[in-house]
Amino acid sequence: MIGDLAKGQDKSNIVLIEDSSDYLGRGVLCSFISSLAERVDEVHIVCYDGRSRDIKSHIDVSRCKIYDGHSDILNWNNTPSLNATIDLIPFLIEKNNIHGNKKIAVVIDSLSQLILYRSASYTCQVIHKLAYTQCLGCEVEQVVCLLHEDLHDHMTSSLVEHTASTIIKMKKPSTDQHTHGCDVFHKKISGKITQISENFSLTDNFEIKDVKEVSTVISLQSSADDSQVDPAANLTFNLTLTDKEKKARSQVKLPYTYDQQRQEDTLSKSVGEGKIFYQPDEIDDFDEEDPDDDLDI
Amino acid sequence: MTSTSFQKKSKAKILQIPGAKPSLYNNQLLISTGIPSLDSIIGGGVAVGTVFLLEEDAYGNYGRLMLKYFCSEAVMTGHSLHLTSADRDPQQILKELPAPIIDDPGPPPEDATNQSDEHMKIAWRYQHLPKYQSNPTSIKFGHYYDLTKTMDPDLTNSIDHSTISEADLCTCFSSSTSMNEKYALLLEKIKQKIDDGKFSTTTQHDKRNILRIGIHSLGSPQWGENGGMKGENFDSSLPRFLYGCRALLRSAFAVMMITVPSHLFQPAYVGRLRKLCDTVIQLESFAGSEKILLVKNIMVC
C-alpha cells in the first residue's frame, strides 16, 4: 500500500505523514518527493523546518523549487524570504509564473510550524485550497505534508487528519528485518476507507522496498467441517412430491371450494326422502331371531 | 338580513403545498428527508420551520449521502433548494444526486388479473367481493432513489436552486463581532434568500412553496473552526449561528438540514449544538472502524 502511494499508483490528493521524534517520517517524505519529481513538471517544496535543508543534499532537486521558510520564520530580520506570517498561496503565486497546462505538486515540511504560529484551521484551509481549487493557476497533482504529531494535541491532529485524504503514521516496525513501520489510512475518492499496518525498509535512494503487511488476523478454529447437511435427506417419511402426486393433489376438491356437482348431490338427496336411523338401547328387547321365520312368505 | 358575529368553529385551514403533509400528531406541516424510513423514525418527516442536525459519521460519506437524498427530494417535489458547502464544490454535489426510482407501474393489463384469479384458490363465498389494493400507490411524500444512477441534470435544473461555495464565503469583509464572519455571511445570505423567494410567513403568496436549505459539513476546518475552540474557551460562533438560523426559520416556509463533523468537537460542545437544533440524528458507520476490521479478518480465515 505505502509503496503504491509513494509511486502514485494509488491516487490521493492530500497525503499526511505523521511522525514523532522516535520514528521519523522525513525518509518517506523524500521518497514521495523523488517519485513526484518523475511524474510532475514541478515540485514545490516549502520548508518551515530547520532540518528540511537535508532534503537538498539527499535527492535530485533539478525539478524541485525549494522555499526557505525557517531561517527567518517570524520575519524579525525583514528578509523577503518565506516566513510563517505571510500567506503561503499568494507567496507561491507571486514567486512563480505557473501556466495552466502544467502539473505540479506541493510538499510542506512541516505543518507543525504553521499550526503553532497560525492555527490548525488556517493550516487545513491552506492545504485544502492547494489540493482542491486551482488557486495556483494549474492542476495540483498532490499535496504532501509532514506533521510532527507529538507536538500537537489530539484535537489539532484530528482536524488535519480530517482534511487529508491519506494518513501515514510512522511507528516502530514489528519485526527486526524492516527499518520502518507505519499505519496507512487511505480514503479513496469513491469513499471507501482502507486501513492497513505495514513494515518496510528504505534504501539509500529513498526507495520503499520489502513492504510487508502486519496482519492482525485473529485465527479462529473453524468448528467441524462446513459442509451443509441436508436435514431432509434421511427421513423415514416422504416430504417431496412427484409431478404425478402434485397433479393428483391439485385435483382434490377442497371443502370450501365451490363445486356444482357436490352442491347438486346434497340438494337432490335431501328433497322428498327421509331416513330413519335407529340406535337400540340397552334395555331394548332386541330379538336376534327373525320373528317371521315361521311364516311362509 | 341580520348577520351575527357568531362563527362556526372549524379547523384551521391546512395549507396544501406539494411534497408536504400535515403531521398525524399535531398538524404541523412535514416534508420528507428523502429517506422514507428515516421519516417514520422522526415522526413522519421534518417539520417546516425547523433545523435538522445530522452528525456526520467519522469520514462524512454517509452524512453527505443523506444530504444528497434531501436535495433529490427537493428536485422531485419541486421545492426550492439552497445548498452550501465549504469542503466540496456544491455544484458537484448537485451533479451527483441519486436518480429517483419511478415505481408507478401504470394500469395493470386486463388478462393479468384474470390469470391471478385462476391461480389463487379462495373460499367461494369470498370470490364475489371487490378487490382492495393492500398498499397505497399514490406516494407523493418521500421518494426512493437509486444510488447507482445520477439525477438527470435537466431535472435538477427544473427547480429553483442556488449554491454557496467556499469561494463565495471568502469575499466577506464585514467584521462581525458576534460570530465567525463566514457564518455571519451565510446567515445573511439565507435571510436574503427567504426574503427574495417570499418564503416568509408574513408575506402573502398565492402559490406557496418550501425552501430546503442544505449545509454540508458546517464547522469543519474549512469554515475556520478550530474544533469549536477559541484559545482556551469554547467558540460561541457556531451556537450563535444555529440560534440565528432557528430564529429565521420559525417564520419561514423553510427547512434546514445541516451536517456537522461532530467528531472534531469536544463532547460538551456537541451537546450545546444539539440543544440548538430541533431534530438531531447521529450517524455512525462501520467504515474504518476497528470492529469491522476484526470481523473482516475473521471472515477471511
*Using Cα positions and a limit of under 16 Å, work out the aspartates and glutamates in reach of B:K21, with same-chain residues fewer than 8 apart set aside.*
B:D39, B:E73
_Give the average, rounded to an integer, of partner chain Cβ atoms located within 10 angstrom of each Cβ in B:219-229._
6
*Once you have a ≥ b ≥ c as the square roots of the Cα gyration tensor eigenvalues for the stretch A:4-60, tell me rounded if a/c is under 1.5, and otherwise prolate or oblate according to whether a/b is larger than b/c.*
oblate
_Entries of A:K11/B:K230; A:K187/B:K182; A:K7/A:K56 with Cα pairs more than 32 Å apart_ = A:K11/B:K230
*Provide the packing ranking of B:241-251, A:154-164, A:25-35, B:144-154, i.e. peptides ordered by the mean count of other C-beta atoms within 10 Å per residue, highest first.*
A:25-35, A:154-164, B:241-251, B:144-154
_the stretch A:47-100 - Debye-derived log10 I(q)/I(0), Cα point model, q = 0.21, 0.29 Å⁻¹_ = -0.87, -1.17
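How big, on average over all directions, is the shadow cast by the Cα convex hull of the protein assembly as shown, in nm²? Mind showing how you got there, number by number?
Numbers: hull surface 233.9 nm².
That works out to 58.5 nm², a quarter of the Cα hull's surface.
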*Please arrange A:T179, B:T84, A:T194 by accessible surface area, largest first, computed with a 1.4 Å probe and ligands excluded.*
A:T179, A:T194, B:T84
_Given a 10 angstrom Cα cut-off, can you work out which residue in A:D287, A:D230, A:D68 is the most mobile in a GNM of chain A?_
A:D287
*Provide the net charge surrounding A:R51, with neighbours chosen by a C-beta distance below 12 Å and charges set as Lys +1, Arg +1, Asp -1, Glu -1.*
-1
*With only Lys, Arg, Asp and Glu charged, each at its Cβ (+1 for the first two, -1 for the last two), find how big the charge dipole of the protein assembly as shown is about the Cα centre; round to the nearest 20 debye.*
4640
*Distance between Cα centroids, the stretch A:120-153 to the stretch B:31-97: provide it in whole Å.*
28
*Using the Cα gyration tensor of the stretch A:1-133, with a ≥ b ≥ c the square roots of its eigenvalues, what is the shape: rounded (a/c below 1.5), prolate (a/b larger than b/c) or oblate (neither)?*
rounded
*Can you give me the pair-distance distribution of the stretch A:228-297, C-alpha pairs, 10 Å bins, whole percents?*
12, 17, 17, 17, 18, 14, 4, 1, 0
*Residues of A:195-202, mean number of Cβ from any other protein chain within 10 Å of their own Cβ, rounded to a whole number?*
1
*In nm, give the distance between the simple-model label positions of B:H205 and A:D296, each being 7 Å from the Cα along the Cα-to-Cβ direction.*
12.0
*Environment charge of A:S119, counting only residues whose C-beta is closer than 11 Å and scoring Lys/Arg +1, Asp/Glu -1*: +1
_Can you tell me, using C-alpha contacts under 8 Å and at least 6 residues apart, the relative contact order of chain A as a whole percent?_
19
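Just tell me how shielded B:54-60 is by partners: mean number of partner chain Cβ atoms within 10 Å of each residue's Cβ, no decimals. Display every interim value, and only then the final one.
On the way: counts 0, 0, 1, 0, 3, 6, 3.
Across the residues of B:54-60, the mean count of other-chain Cβ atoms within 10 Å is 2.
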*On a 0 to 90 degree scale, rounded to 10, what angle separates helix A:120-132 from the longest Cα axis of chain A?*
80
*asked:* Could you compute the net charge surrounding B:L264? Neighbours are other residues with a C-beta less than 11 Å from the C-beta of B:L264; K and R count +1, D and E count -1.
replied: -4
*Straight distance only, please: which aspartates and glutamates reach the Cα of A:K253 with their own Cα at less than 20 Å, same-chain residues fewer than 8 apart left out?*
A:D243, A:E245, A:E264, A:D265, B:D117, B:E118
*Which FRET efficiency value, to the nearest 0.05, do you get for B:Q91 and A:W76 by plugging their Cβ-Cβ distance into 1/(1 + (r/R0)^6) with R0 = 41 Å?*
0.40
_No solvent, one uniform scatterer per C-alpha: report log10 I(q)/I(0) for the stretch B:30-84 via the Debye equation at q = 0.17, 0.32 1/Å, two decimals._
-0.55, -1.41
*Return the tail of the calculated pair distribution for chain A, meaning the percent of Cα-Cα pairs more than 31 Å apart.*
51
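The values are calculated or read from the model by the stated rules, or taken from the named source; none is laboratory data. Keep in mind the model is a prediction, meaning the values are calculated, not measured. Cβ coordinates were reconstructed from backbone atoms using ideal geometry, including for glycine residues, and neighbour counts include every protein chain displayed. With ligands, DNA and RNA removed, areas are computed over all heavy atoms of the protein, side chains included. Shrake-Rupley method; radii C 1.70, N 1.55, O 1.52, S 1.80 Å.
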